[in-house]
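Here's the structure we're looking at; comments come further down.
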Amino acid sequence: MACISSKGEMTESARKMLTALEAPSTAEEVASRASLPLFRVRAGLREMLAAELVELKDDLYGLTASGRSALLR
Amino acid sequence: MSSQDVSSTLNASHTTQPTPATLPRLGMAAPLFEAVTTHGRIRLEDFRGSWVVLFSHPADFTPVCTTEFIAFAGIASELRTRGVELLGLSIDSPTSHIAWALNIKQKFGIEIPFPIIADSNKEVATLYGMVSPGESKTETSRCVFVIDPQGTVRAMIYYPLTTGRNTEEILRLIDALQTTDKHGVATPANWKPGDKAIVPPPSTLEEAEGRLQSGLECTDWYFCKRTV
């Protein structure tokens, strides 16, 4: 996974995306706040949805409890 | 034998040659895929809303491909200002791509900023017809597919294994396509940004007769240019 390293740690780009998700946001807003290409954010958010670090409600991505605690690590 | 069996047998006898896959054509939807890349698992739909230059190279750690990657890296930021993302591909493993990208950085001081598809099973290469068996059955040719923000194939370029591509031409092609979309014009031979563009020929006699009085720069009724 591009968001989780082979050591099981969050990658820098994943951390940027999660940090950009303090409030529920679209992928475009995350890309703008994290200064990452939109394609990368879409792919990363998909991975983090599968890992239950983020959730999708009404087309807005938000942090799950796991996502919040992952950011604190 | 049932009629269905007879029909199947007849069909089978007509398909001794493998059915050619439908390859991308200009103006058609680009075939969708999901692939492992140096930036993780990516889907073509992830690029929706951006232009994409999907390009293949024969193999990692080969000299012409290395010069091409350096050249593509050199236009990456200019492409991004035009809303274009680069996406490379070859029939190599992710590890090989990573090692090659690191080698280019170490030996040439150039970072490869775009993802490279590790198409080990030739899935995407087959979908896009990137393998030319007359040249090589195991490597992709030097193909370029320009895909617009709606996911439509807008241009295709095929170069042989021996000949490195001209990335300035790819920039020019993007400028030309975007100018066409923005202004409803065509672009003449060797056009570059700032040059006059071709006004599409009139489709009716009335329009043709009016064209010469239209204020456009016309050589004849069918050959008019304008500044864009």
Problem - Those residues of the range B:104-133 whose amide nitrogen sits under 16 Å from the label point placed on residue B:77, 7 Å along Cα→Cβ - result: B:109-114
Exercise for the section: Please label the shape of chain B as rounded, prolate or oblate, based on the square roots a ≥ b ≥ c of the eigenvalues of the alpha-carbon gyration tensor (a/c under 1.5 means rounded; beyond that, a/b larger than b/c means prolate, else oblate). Expected result: oblate
Practice task
Give the residue from B:157, B:40, B:66 lying farthest towards the positive end of the charge dipole for the range B:22-164; charges sit on Cβ (+1 for Lys and Arg, -1 for Asp and Glu) and the dipole is referred to the Cα centre.
Solution key: B:157
Completion exercise
Counting sequence-distant residues (5 or more places) and residues on other chains, those with an amide H built under 5 Å from that of residue B:39 are B:116
Problem - Of B:127, B:86, B:32, the one that fluctuates the most in a GNM where chain B has Cα springs shorter than 10 Å - result: B:32
Exercise for the section: Work from the charge dipole of the range B:184-228 (Cβ charges, +1 for Lys and Arg, -1 for Asp and Glu, about the Cα centre) and give the residue of B:210, B:188, B:223 farthest towards its positive end. Expected result: B:188
Exercise for the section: Assign unit charges at the C-beta atoms only (+1 for Lys and Arg, -1 for Asp and Glu), then state the dipole size of the protein assembly as shown relative to its Cα centre in Debye, rounded to the nearest 20. Expected result: 600 debye
Fill in the blank from the handout: Sorting B:159, B:128, B:222 on solvent-accessible surface, 1.4 Å probe, most exposed first, gives B:222, B:159, B:128
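Tally the DSSP beta bridges in chain B and give the antiparallel ones as a percent, rounded to 5.
Of all bridge pairs located within chain B, approximately 70 percent are antiparallel.
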Fill in the blank from the handout: The long-range amide H neighbours of residue B:155, using H built 1.01 Å from N in the peptide plane and a cut-off of under 5 Å, are B:146
Problem - residue B:61 - accessible surface, heavy atoms, 1.4 Å probe, Å² rounded to 10 - result: 110 Å²
Completion exercise
Going residue by residue through the range B:146-156, the Karplus relation 6.51 cos²θ - 1.76 cosθ + 1.60 with θ = phi - 60° gives ³J(HN,Hα) values, rounded to whole Hz and with x marking Gly or Pro, of 9, 10, 8, x, 8, x, 9, 6, 9, 7, 9
Practice task
Kindly write out, for the range B:117-133 in residue order, the coupling ³J(HN,Hα) from the Karplus curve 6.51 cos²θ - 1.76 cosθ + 1.60 (θ = phi - 60°), rounded to whole Hz, with x marking Gly and Pro.
Solution key: 6, 9, 9, 4, 8, 6, 4, 6, 4, 5, 4, 9, x, 8, 8, 10, x
Handout entry: Percentage relative contact order, chain A, counting C-alpha pairs under 8 Å, at least six apart
Key = 30 percent
Handout entry: Cysteines in chain B lacking a second Cys C-beta under 4.7 Å
Key = B:65, B:143
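The values are calculated or read from the model by the stated rules, or taken from the named source; none is laboratory data. Note that the coordinates shown come from a computational prediction; the quantities given were computed from them, not determined experimentally. Here the Cβ is made from the backbone with ideal geometry for all residues, glycine too, and neighbour counts use every protein chain on show. Ligands, DNA and RNA are stripped out before the accessible areas are found, and what is left, the full protein with its side chains, is counted by its heavy atoms. Shrake-Rupley method; radii C 1.70, N 1.55, O 1.52, S 1.80 Å.
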